[in-house]
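Take a look at the structure below.
The values are calculated or read from the model by the stated rules, or taken from the named source; none is laboratory data. Not measured: the values here are computed from a predicted model. As a convention, Cβ positions derive from the backbone with ideal geometry for all residues, glycine included, and neighbour counts pool all protein chains shown.
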Amino acid sequence: MYNPLLLQVQEKLHTTSYLISLSVSLFTLALAIMQIVYGPLADKKGRKSVLIPSIMLYIVASIGCAYAPSIGLLLFFRVLQGIGAAAVPVVAAAVIGDLFHGKALKQGMATYQLLLMLAPALGPLIGGIIGGRFGYGATFLCLGAISLLLLIANMILLPETMPENSGPKHGSAQNFSLIFKNSTSVVILIFGFIQFMIYFVYLTFIPQILSNHYLFKPAKTGVILLVMSFATIISVKLGGGMLNQLGARKSLIYGFSLHALSVIMFAFTAQISLSFLVIDVCLFGFMMGLTGSIPTTLLTELFPEERATAIGVFNFIRYLGMAVGPMIGTLLYSGGSIIPLFLTCSIAFVAAIVWGIKLMSNDPVQEAS
């Protein structure tokens, strides 16, 4: 909801594009760091006891963002927003892992990813409409209102799903070590970092590209991002099917290789015409959906006793990528050619895939169930 309004925020607060990009990156950095805090807490204290206070903090921070009179205060409240939002992805995936196993877990995680994608599908469109008519502050107030409803719903409807006596048997440091010693999980972490770095390059710079090259306004930009998210929704169930058919390692390599090709295609064709750009954006979104459920499904299977911690580490790494993406993009995209930015992204993606293939080829560990 916020990303289509970055230029509006910059004009309203009389600040620079760098600081506006920082408002995206600081939120994501806080989101990332808190993953490795909330993960072990959710494994130790329970899912619900971590989630409820976090939603409360997010509501307060959203109101602060709406009324922040300066870029400094906006950045402060964006950090608090990130801290508040951070518990949601850890708890959500852990709850799915608590409730389902085997093929049901794969399908459950795919369904979760499908529903999760509805937010970025509708968010840019709603944010563009609300922000374009009432200003960006109204968008933050809308987020606060939505979060209040979620707080009430979770307090009433969400049970504690963590099984009794199923917490981690080791300390947090040992749990982290287990995750980083497993070659499959390491490859997942690297892929997650690169994928979400590029994803936030798209979310941050597609509005700028559309504005600079095609004179799009926020509401129309939201439509393009909506189309990308719907492409993700269409393909997200295919990821679970691919995992069942091909197994863990082949799904990782094939899925992410296709995703890298979509970025290469964008780099060389998106600037030709608006039609090419829309096709490229849809292809990227389709690949996001195809690979979306594979990492979290594998991690919940690989680490049943450290489930929330493993998801927290994965989220930490990929959210670092989300924080890095806009900052790298600011350096490589100057409003002119898009090739330097997206070609650099594609090279990083391909390099990660080649490295991942080599690492897993030297590891005798069997496929996840």
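Filter the range 312-354 for residues that are part of a loop (DSSP other than H, G, I, E, B) and buried (at least 17 other Cβ atoms within 10 Å of the Cβ); which is modelled with the lowest pLDDT?
My answer is Tyr333.
Assess whether Ile130 counts as being touching a Ser or Thr at 6+ places or on another chain (Cβ under 8 Å) and closer than 22 Å to Ser21 by Cβ.
yes
I'd like the residue in the range 207-230 that is hydroxyl-bearing (Ser, Thr, Tyr) and crowded, with 19+ Cβ neighbours inside 10 Å and, out of all such residues, is farthest from Glu301 (Cα to Cα).
Per the criteria, the residue is Thr221.
From (1) surrounded by fewer than 22 Cβ atoms within 10 Å (Cβ to Cβ); (2) within 18 Å of the chain's Cα centre (by Cα), pick out the condition that doesn't hold for Ile357.
(2)
Just for the range 176-206: of the residues that are of a type in the set (S, T, N, Q) and either part of a helix (DSSP H, G or I) or within 12 Å of the chain's Cα centre (by Cα) (or both), which one is modelled with the highest pLDDT?
Applying the filter and picking the extreme gives Gln195.
Test of understanding: among Ile264, Ile272, Ile253, which residue is modelled with pLDDT of 85 or more and not in a helix (DSSP H, G or I)?
On inspection, the qualifying residue turns out to be Ile272.
Might you check whether a residue that is closer than 29 Å to Pro304 by Cβ and either in contact with a Ser or Thr (Cβ under 7 Å, 6 or more places away or on another chain) or in contact (Cβ under 8 Å) with a residue 60 or more places away in the chain (or both) occurs anywhere in the range 3-23?
No, every residue in the range 3-23 fails to be closer than 29 Å to Pro304 by Cβ and either in contact with a Ser or Thr (Cβ under 7 Å, 6 or more places away or on another chain) or in contact (Cβ under 8 Å) with a residue 60 or more places away in the chain (or both).
The rows are residues; the columns are (1) of a type in the set (Lys, Arg); (2) crowded, with 21+ Cβ neighbours inside 10 Å; (3) touching a residue at least 40 places away in the same chain (Cβ under 8 Å); (4) out of contact with any helix residue (DSSP H, G or I) (no Cβ under 6 Å at 6 or more places or on another chain).
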| position | (1), (2), (3), (4) |
| --- | --- |
| Thr232 | no, yes, yes, no |
| Leu238 | no, no, yes, no |
| Gln245 | no, no, no, yes |
| Lys250 | yes, no, no, yes |
| Phe256 | no, yes, yes, no |
| Ile264 | no, no, yes, no |
| Ser273 | no, no, no, yes |
| Leu277 | no, yes, yes, yes |
| Val281 | no, yes, yes, no |
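Any idea which residue in the range 130-169 is surrounded by the fewest Cβ atoms within 10 Å (Cβ to Cβ), counting only those that are among the polar types (S, T, N, Q) and modelled with pLDDT under 90?
Asn165
Might you let me know whether the range 300-309 holds any residue that is surrounded by fewer than 19 Cβ atoms within 10 Å (Cβ to Cβ) and of a type outside the set (Phe, Trp, Tyr)?
yes
Give the range 1-25 a look and list any residue that's aliphatic (A, V, I, L, M) and either touching an Asp or Glu at 6+ places or on another chain (Cβ under 7 Å) or not in a helix (DSSP H, G or I) (or both), or say none.
Correct list: Met1 only.
Can you work out which of the residues in the range 221-250 that are β-branched (Val, Ile, Thr) and over 13 Å from Leu290 (Cα atoms) is modelled with the lowest pLDDT?
Thr221
Could we say that Gly285 is under 16 Å from the mean Cα position of the chain (by Cα), surrounded by 24 or more Cβ atoms within 10 Å (Cβ to Cβ), of a type outside the set (Phe, Trp, Tyr) and more than 22 Å from Ile83 (Cβ to Cβ) here?
Yes, satisfied.
Here are Tyr18, Tyr112: which of them is of a type in the set (Phe, Trp, Tyr) and closer than 30 Å to Gly240 by Cβ?
Tyr112
Yes or no: the range 106-121 includes at least one residue that is at pLDDT below 80, on the phi > 0 side of the Ramachandran plot and among the small types (Gly, Ala, Ser).
No, the range 106-121 contains no residue that is at pLDDT below 80, on the phi > 0 side of the Ramachandran plot and among the small types (Gly, Ala, Ser).
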